Amino acid sequence: MSTAPVEVDIDEIIERYPGKQEYLIFLLQDVQSAFRYIPPEALELICDHTGVPLSQAYSVATFYKSFSLKPKGEHQVKVCLGTACHLKGGERLVDDLERKLKVKAGETTADLLVTLETVNCLGCCALSPVVVVDDDYLAQATSGKLNKKLKSLAAQ
Amino acid sequence: MAETNVAQSFTERRLGSAADLKLYQEELLAQKDPQQAEVIVCYGTGCLAAGAEQVEAALKEALDQAGLDTKVRPLIKTTGCRGFCSRGPLVVIQPEGLFYQKVKASDAEEIVQTTLVEGQPVERLLYQDPQSGEPIPREQDIPFYKKQHRLVLGRIGSVDPTDIRESIAAGAYQALAKVLTGMSPEDVVSEVEKSGLRGRGGAGFPTGRKWRGALKAIEKKGRPVYVVCNGDEGDPGAFMDCMIMEGDPHAVLEGMIIAAYALGSEQGYIYVRHEYPVAIKHLDLAMEQARSLGLLGDNILGSDFCFDLRINRGAGAFVCGESTALFTSIEGLAGEPRPKYVRSVEEGLWGRPTVLNNVESWANVPLIINNGADWFAGIGVPHSTGTKVFSLVGKVNNVGLVEVPMGTSLVEIIEEIGGGVPGGEPFKAVQTGGPSGGCIPYSLKDVPVDYDSLSKVGSMMGSGGMIVMDERDCVVDVARYFLRFLEEESCGKCIPCRLGLTRLREMLDDFSKGKGTEKDVEEIESLGEAIKDGSLCALGGSAPNPVLTTLQYFRDEYLAHINERRCPAGICKELISYQIDQEACTGCRTCARLCPQEAISGEKKKPHTIDQDKCIQCGICLESCNFGAVQVISPALVSQKSQEAAS
Amino acid sequence: MIEFKINDQPVEAQAGWTVLDTARQYGIHIPTLCHHEAVEPSGNCRLCVVELRDGDWSKVVISCMYPVQDGLQVYTDSDRVKNVRRWILEMLLSECPASSEIQRLAQEYGVEQTRFAIHDPEEDCILCGLCVRTCKEVVGVSAISMVGRGVHKVIGTPYMMPSDACVACGSCVTVCPTGAMRRRLDLVRGEPKTRMAHSAV
């Protein structure tokens, strides 16, 4: 597969599940986590395997928020917009990050470094407002803390 | 940490009968020395995010260095959420029960030296009574825990959820054993009916009646019948189901296995939100360990009863918490709900009879079986029995998970357990039931928290989010927030929800800009009713609730926005200005450096000013000021630009 | 026979009928957009709402899927019903301003104009999904589907490219209540030239 990183074996992923419609979402999830998106070739292979019409699989892939048809960035910046985070200024952080990264929430920077996303409640409301960068939780996040974090991503 | 020989015996063991399980529990308990020290590190999401992993690593290292293994070797273990999230990371030392809060990795050495070697508490890490300032050494004496009645959360915080032996030692699967050895399926269903347990996911449908309905449907349609757990907890600000799945996955499994026995189901599904990877991991481990012991899968505890479970991860769609959408998603399709004129117990997953219950409901089942329906019905109030877990968040001192008997009043939960609003003023409102619920004002603070009382005041129990708001929270903004959330999560299938939520939100957007008339307020109510009546599923059907209840209780605040162009809470951007208090400003330049508009000017060590024409009300100056010098003014200062435009 | 009342008029229905089936049998008019005999009901346009009453209790349901029961009291034109229809039509007027069917219905239910902003004056698709259901259930090729979610939802083909699965039968155009599929058909089946290129491959 031309679009796949060499180490990912799409056939191995497909073979993990029986060829039934009920495994469509499982397959899409595994492909998404391996490739950071759903390449068109993979979607067709999944359809061949599960017997789901392409239009229906496409419908599923565009319905759920965790699937992406475009490659996502190397780093994920997720701003929590749960209610507690909202009350403590979560939107302000989204606006701030949109300005800093020059993308809208849900988009990926042109250099494919960062995808900016919003999420609904990560269950650590005591630390609100929370921003998660990859697996790192920024508690009581502020514009200043985000500046530092983004700089460290660019430096990596 | 687990000793290797015990771990081996665990994987080799298969429990052939209920008596065998009892024996195994006794063996496990006998292996434990009650006097042995245990260092428990809370691994709830809040503590993890606050650095619990680093604390655990530092404690391990300090224990190794202290050479304690020559004396009584302390066990170090990690557990699910202890609930007191705002005080994390939490560490508890057993058997004394010393409760350490806000622990840092750098505290590890002192904990080991002072407490484990010398047997003294580390005073500065103890919780201090906010009134007297006295340290409170033990968890159970802290006001946050004192008023709680932790049953569903009972094992969480004392067992390592990744090791089934810990849960078995603490009594897991005894209810299953009881059911398999002495209760008929009919006994089980009537016990659950008698307990009065109602669905903890939101609507509060009686669980026993649901199971009974499934039995009747099976009579008509035969089997298969499915047992499903709704772990798609999506309400923002609600995380109790997550903590139950993470902290005591066996309680959920046991509840489901018991229902499967009662209904004759062979296959069950647990649908978990994908944002909860730890819950998925712990459930997976729990299932694997239960299978290897013979508690799940073929011939459970040596009987003829066979039942297995599978986890379906959600893929990012709030609407999948709605029962029919959840089924559609398990079937592998886009999670769009279906009209529910035929109930799920008759026609659910793959058109078959299906019992769907929420995580917390399932976790209540073993408690009912173990202690009896009468015991359960004796907790809480007549039509809302048992306890309810809430996630208490927002403008409240003690943020965390609390479990109280049904019928406890709002004010008891918020002020006695939650410690009230920071700053000491009364709370302004509390939002229960998430985006489908309502805002309850302080004047109704004595409302008992049970299904019927909450719906009487226009809100609902919902899954258990309880979001406290203070005077700096704007109800128009909160209503907009919930609408925007649901607008984004609407599946788009039916027109009232797909178009209506956007239109409703746009009308509120206008209010937040000071535009609109009192006539519009009435129109919002009318559109809200149309959306409630016209929508296909509960998402749209309840979406207008936050708007309608805030209009009911805080109409004046809405009118202030449109009549006076004023946001009393100082939140709505278009109606506020930021201004720097010339007395308080020290000229530290922090705000000026961070301002994205370069709107703040002033010399170093001299008071700064904000250029209102450049200011975009992003609030970064307010957030960054260490001296409280940035003030919010509403109505907004009219900027020069708009003045010129007007003249 | 199942006996109940529509607008206080006694009616009889056969088991398995819906309220809408019964109303039509008696010539009682209930407006619909997403309903078609040839495909399974989906219940998404919500225009066919009716109110059920029993003493003080009352509930709004969709007639196209509500199964008939003895003793039902159905009202097809109550205030609650009219409120739902009025708002749906006012919103559709701004959403699908190009559809003459929507304009006609709006007029019929007293909605003269819309207060909401019109984003696309050419738009005429109400996303009722009749085309998608027909393509799947009747034609059996599933060339089109719903794409996206919520406010971003559209009718389309995978990657919005002409579909190999499309047999150019035009059934979607026939069932479309607003005429929206007419101008979308070429996007689905491809221009005649591309189509030939496809079959040549």
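Readers should treat all values here as calculations from the given coordinates under stated rules, not as data from a laboratory. Owing to the predicted nature of the structure, the values given are computational and were not obtained by experimental measurement. Note: ideal-geometry Cβ built from the backbone for every residue, glycine included; neighbour counts use all protein chains shown.
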In degrees, nearest 10, the alpha-carbon axis of helix A:143-155 is tilted away from the dominant principal axis of the alpha carbons of chain A by 50
When all Cα-Cα pair distances of region B:276-335 are considered, the percent exceeding 13 Å is 67
Listing B:T609, B:T162 by rising number of other beta-carbon atoms within 10 angstrom, fewest first, gives B:T609, B:T162
Pseudo-spin-label distance C:Q9 to B:R291, built 7 Å along Cα→Cβ, given in nm, is 6.1
Here region C:116-122 yields Karplus 3J(HN,Hα) values (6.51, -1.76, 1.60; θ = phi - 60°; whole Hz; Gly and Pro given as x) of 8, 5, 8, 8, 9, x, 8
Taking a crude spin-label model, label points 7 Å out from Cα along the C-beta direction, the B:V342 to A:L69 distance in nm is 3.4
Amide H neighbours of B:Y226 at under 5 Å, excluding residues fewer than 5 places away on the same chain, with H built from the backbone geometry, are B:T354, B:V355
Within chain C, excluding any GluC sites (Glu not before Pro) found in a DSSP loop (not H, G, I, E or B) and having at most 13 other Cβ atoms within 10 Å, the longest uninterrupted segment runs C:123-201
Calc'd 3J(HN,Hα), region B:628-633, phi into Karplus 6.51 cos²θ - 1.76 cosθ + 1.60 (θ = phi - 60°), Hz, glycine/Pro = x, comes to x, 8, 8, 10, 9, 10
In Å, the C-alpha Rg and Dmax of region B:475-563 are 12.0, 37
Semi-axes of region B:155-308 from the Cα gyration tensor (sqrt of 5 times each eigenvalue, largest first, whole Å) come to 24, 20, 14
Rounded to the nearest 10 degrees, the helix A:40-50 long axis (Cα) sits at an angle to the longest Cα principal axis of chain A of 50
When B:W350, B:W211, C:W17 are ranked with the fewest other C-beta atoms within 10 Å first, the list becomes B:W350, C:W17, B:W211
For region B:32-146, the convex hull over Cα atoms projects on average to an area in nm² of 6.8
Counting only backbone N atoms under 16 Å from a point 7 Å out along Cα-to-Cβ of B:K216, the residues of region C:64-107 in range are C:69-70
By Cβ neighbour count within 10 Å, fewest first, C:R149, C:R183 rank C:R183, C:R149
According to the Cβ-distance criterion of 4.7 Å, cysteines of chain A with no possible disulfide partner are A:C47, A:C121, A:C124, A:C125
Rounded to whole angstrom, the alpha-carbon centroid of region C:144-176 lies from that of region B:210-242 at a distance of 34
Here the alpha-carbon Rg of region C:1-160 over 2.2 N^0.38 Å rounds to 1.14
Taking only Cα atoms of chain B, the Rg to Rh ratio with Kirkwood Rh works out at 1.01
Contour minus Cα-Cα span, B:D374 to B:R13, at 0.36 nm per residue, comes to 126.4 nm
Expressed as a whole number, the average count of other chain Cβ atoms within 10 Å around the Cβ atoms of A:113-124 is 6
Along principal axes, largest first, the alpha-carbon spread of the protein assembly as shown in whole Å comes out as 88, 83, 66
Taking Cα atoms only, helix A:24-35 is inclined relative to the longest principal axis of chain A by an angle, in degrees rounded to 10, of 60
Of all lysine pairs in region B:132-258 that are eight or more residues apart or on different chains, those with Cα atoms under 24 Å apart total 6
